Amino acid sequence: MSKHILEARGIDVRFGGVHALTGVNLHLRPGEVCGLIGPNGAGKTTLFDVVSGIRRPDRGRVLLHGADITRRSPVWRARHGMRRTFQRQQLFGQLTVADNLLVAQEWRGGGGGLAADLLAAPTRRTHERERRARASTVLRECGLAPLADDYAGALPVGRARMVELARAVADPPGVLLLDEPASGMTAYERGQLSAVVRHLAEEENCAVLLVEHNVAFVMELCARVVVLDLGSVLAEGTAAEVRANPEVRDAYLGTSAA
């Protein structure tokens, strides 16, 4: 059994003659928060697409719990514990915040099918109580309980980002992929985001991989940081090690990271 919950091995992706990713290796351990940074066009979102199953690599493999899932669909991966948020918000805007979280749990079924729903069978009622209890817990942990009955489409950007995170973890994940989760958030909201991510890692043993342009946020939150540049891994290590790497400073961080 692999000690890594998620691995990407030798990932190559080409768009015509352009090498978006070349020989990229990445791993995540249970309970780890890992940051993925790099300049625009470095291949971060492409790597996320490969790991989450949206794009199949031209070469290389993706493993979950040591098993090859390279050809598995995004739906299969989601149902086996992998969740993802996107740069562009994808909420159900005409549903309330609470209903967005309830929808995320519905794939497991209602307990007895359509007949149980129509007859309000005990199995269905039990399942519904469990779903709503989980949604309430996550809303409270994410600081969203006061907004539970608000329509998601009417929320400001920072709150909407937090709803996306809450929906992604409403059904407890084993691997969480966060694409620009702090974009549009205030400093206070970023603090809430950090607290939720740490809780997921430390208390629920979830492995978290996040792409984020806010380097200070990444360095403060992540135990390990991977730097992509021109489709390849430029550096990997602790925040201090990455900050001190002269190649990283030249390619990305600059003097502001000192």
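Overview of values
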item: Value at 222 nm in deg cm²/dmol, rounded to 500, when DSSP H runs of n ≥ 4 in the chain each add -39,500 (n - 2.57); result: -11000 deg cm²/dmol
item: Average accessible area per residue (Å²) across segment 1-59 - probe 1.4 Å, nucleic acids and ligands excluded; result: 44
item: Shape call, segment 140-258: gyration tensor on alpha carbons, a/c limit 1.5; result: prolate
item: Cα gyration tensor shape of segment 58-217, rounded if a/c is under 1.5, else prolate or oblate by comparing a/b with b/c; result: oblate
item: Sites excluded, trypsin sites (Lys or Arg not before Pro) in DSSP loops with at most 13 other C-beta within 10 Å, longest stretch of the chain; result: 89-258
item: Under 5 Å, built H, 5+ apart or other chain: amide partners of Asp229; result: Leu234
item: Nearest-10 value in Å² for the accessible area of Cys206, using the 1.4 Å probe; result: 0
item: For segment 16-23, 3J(HN,Hα) per residue [Karplus equation, 6.51 cos²θ - 1.76 cosθ + 1.60, θ = phi - 60°, Hz, x = Gly/Pro]; result: x, x, 9, 8, 6, 9, 9, x
item: DSSP-defined antiparallel bridges as percent of all bridges, the chain, nearest 5; result: 55
item: The chain - percent of accessible surface contributed by carbon and sulfur, probe 1.4 Å; result: 53
item: Kirkwood Rh in Å, taken over segment 1-103 so that all alpha-carbon pairs contribute; result: 15.1
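The values are calculated or read from the model by the stated rules, or taken from the named source; none is laboratory data. Bear in mind the structure is a predicted one, so any value in this text is a computation, not a measurement. Using ideal geometry, Cβ is built from the backbone for each residue, glycine included, and neighbour counts are taken over all protein chains shown. Protein only, heavy atoms only, side chains kept; ligands, DNA and RNA dropped before computing areas. Shrake-Rupley method; radii C 1.70, N 1.55, O 1.52, S 1.80 Å.
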